[in-house]
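J.: The following block contains the structure, expressed as structure tokens.
Bear in mind that the values in this text are calculations on the coordinates, not laboratory data. None of these values were measured; they are calculated from a predicted model. Cβ placement follows ideal geometry from the backbone for every residue including glycine, while neighbour counts extend to all protein chains displayed.
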Amino acid sequence: MNPFFESPAYQEAVARLEYALERHDRVAVLTGLTGSGKTTLLENWTADLRRRGVIVVYLPTPGTFEHDLLWELAIGLKAEISLSSTPSELWFRIREQLTAYSLEQRQVVIAVDHFEEIARETGDILLSLARLHYGDGNLGSLVLSVDKQALRTLDLRLLKMADLKIELEAWDVDDVASFTHAYLAANHQDQVQLSDEVIAAVSQQSAGLPRIVSQILDLTCLAAEASQAESVSPETILAVREELL
């Protein structure tokens, strides 16, 4: 079990997303390396927005086809649709619902994870929504999560509309240490002793990426349990990392 850990970088990214909403930014882009925690951040942040009464459509894997994306948007916005609704009918109902929310002064956030995987025709839909229903005093924002390494290969039309770009930074060694102690406690692994030197090795071998930190700790604890060892060496961390590659 991996405990939830709010690093300073995580808190800063959330604060900047909140700032984008306060300014009614048309588009906000969240970026970071693979494994930096973008999906976890979006899941937690959008869940918190819902608890505060914000209308949220969270698309963890955007539809490859136009109809799929329209269907997901219509359902998320609670638009009046039927199983037989055509793409044009779905689009009409989506726009109708967004207009109704705007008249009610309701905040609407559409958050798209893994935006780098989106097809061009589905990107066209989001581009139209951003132009027609966000900015110019409308409440809410379109939030796109993009892998940092894919930024240069993306369709730039939406990215150029971004009012704010937020980069989720990797953990530093202090963050890794705090998470490691929480991880060991949550998994009842208090008998495993990880020295400062070992934690530094975890930080170095993971490049501070939360997903890799968790994977290294998972395998390290399994190895310690199998060998009934009470301590781990930096060499063990290196061997675990090589196994993950």
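J.: Under 5 Å between amide H atoms, partner at least 5 residues away or on a different chain: which partners does Tyr58 have, H built in plane at 1.01 Å?
T.: Residues meeting the criterion, in which the H sits 1.01 Å from N, are Ala111.
J.: Compute the distance in nm between two label points, each set 7 Å from the Cα along the Cα-to-Cβ direction, one at Arg23 and one at Thr99.
T.: Each label point lies 7 Å from its Cα, and together they span 3.0 nm.
J.: Be a star and scan segment 1-17 for residues whose amide nitrogen sits under 16 Å from the point 7 Å along the Cα-to-Cβ vector of Leu244.
T.: 1-3, 5
J.: Let me ask something else about it. Collect residues whose amide H, placed 1.01 Å from N in the peptide plane, falls under 5 Å from the amide H of Glu167; neighbours closer than 5 in sequence don't count.
T.: For Glu167, whose amide H was placed from the backbone, the distant partners under 5 Å are Thr31.
J.: Using a Cα-Cα cut-off of under 14 Å, which aspartates and glutamates could be cross-linked to Lys148, ignoring same-chain neighbours fewer than 8 residues away?
T.: Asp113, Glu116, Glu117, Glu167, Glu169
J.: Follow-up question, since we're still on this one. First measure r as the distance between the Cβ atoms of Arg131 and Lys78, then evaluate 1/(1 + (r/R0)^6) with R0 = 30 Å and state the FRET efficiency to the nearest 0.05. Walk me through the numbers on the way to the answer.
T.: Details: r = 23 Å, r/R0 = 0.75.
Plugging the Cβ-Cβ distance into 1/(1 + (r/R0)^6) gives 0.85.
J.: Neighbouring Cβ atoms within 10 Å as the yardstick, rank His67, His114, His133 fewest first.
T.: With the sparsest Cβ surroundings first, the list reads His67, His114, His133.
J.: Please list, in order along segment 165-182, the HN-Hα scalar couplings obtained from phi with the Karplus expression 6.51 cos²θ - 1.76 cosθ + 1.60 (θ = phi - 60°), rounded to whole Hz, x for Gly and Pro.
T.: Karplus values, whole Hz, x for Gly and Pro: 10, 10, 9, 7, 6, 5, 6, 8, 5, 5, 5, 4, 5, 4, 5, 4, 5, 5.
J.: For Glu197 and Leu151, compute 0.36 nm times the residue count separating them, minus their Cα-Cα distance, and round to one decimal in nm. Please list the in-between numbers first.
T.: Details: separation 46, 0.36 × 46 = 16.56 nm, distance 3.51 nm.
13.1 nm is the gain from fully extending Glu197 to Leu151.
J.: To the nearest 10 degrees, how steeply does helix 196-206 sit against the main Cα axis of the chain, on a 0 to 90 scale?
T.: The angle comes out at about 40 degrees.
J.: Helix 38-51 sits at what angle to the longest principal axis of the chain, using alpha carbons and giving 0 to 90 degrees rounded to 10?
T.: Orientation of helix 38-51: about 60 degrees from the principal axis.
J.: Taking a ≥ b ≥ c as the square roots of the Cα gyration tensor eigenvalues, with a/c under 1.5 meaning rounded and otherwise prolate when a/b beats b/c, else oblate, which class fits the chain? Each step should come with its number before you reach the end.
T.: Working: a/c = 2.48, a/b = 2.38, b/c = 1.04.
Prolate shape, in that a/c is at least 1.5 and a/b is the bigger ratio.
J.: Could I ask something else about it? Over segment 41-94, what is the relative contact order in whole percent, taking alpha-carbon pairs under 8 Å and six or more residues apart?
T.: Values: 37 pairs, mean separation 15.3, N = 54.
After rounding, I find 28 percent.
J.: Take the Cβ-Cβ distance between Val173 and Glu117 as r, set R0 to 22 Å, and report the resulting FRET efficiency rounded to the nearest 0.05. Walk me through the numbers on the way to the answer.
T.: Working: r = 32 Å, r/R0 = 1.46.
E(calc), rounded to 0.05, equals 0.10.
J.: Note the full-extension length gain between Thr40 and Glu235 as 0.36 nm times their separation in residues minus their Cα-Cα distance, in nm to one decimal. Mind showing how you got there, number by number?
T.: Details: separation 195, 0.36 × 195 = 70.20 nm, distance 3.01 nm.
Gain on extension, Thr40 to Glu235, equals 67.2 nm.
J.: Here's something else I'd like to know. With θ set to phi - 60° and the Karplus curve 6.51 cos²θ - 1.76 cosθ + 1.60, what are the ³J(HN,Hα) couplings of segment 84-93 in order, to the nearest whole Hz, using x for Gly and Pro?
T.: Per-residue couplings from phi come out as 8, 4, 7, x, 5, 5, 4, 4, 4, 5 Hz.
J.: Next question. Provide the per-residue ³J(HN,Hα) series for segment 129-140, in order, calculated from phi with Karplus coefficients 6.51, -1.76, 1.60 and θ = phi - 60°, each as a whole number of Hz, with x at glycine and proline positions.
T.: Calculated HN-Hα couplings, in order: 4, 4, 6, 8, 10, 10, x, 6, x, 5, 7, x Hz.
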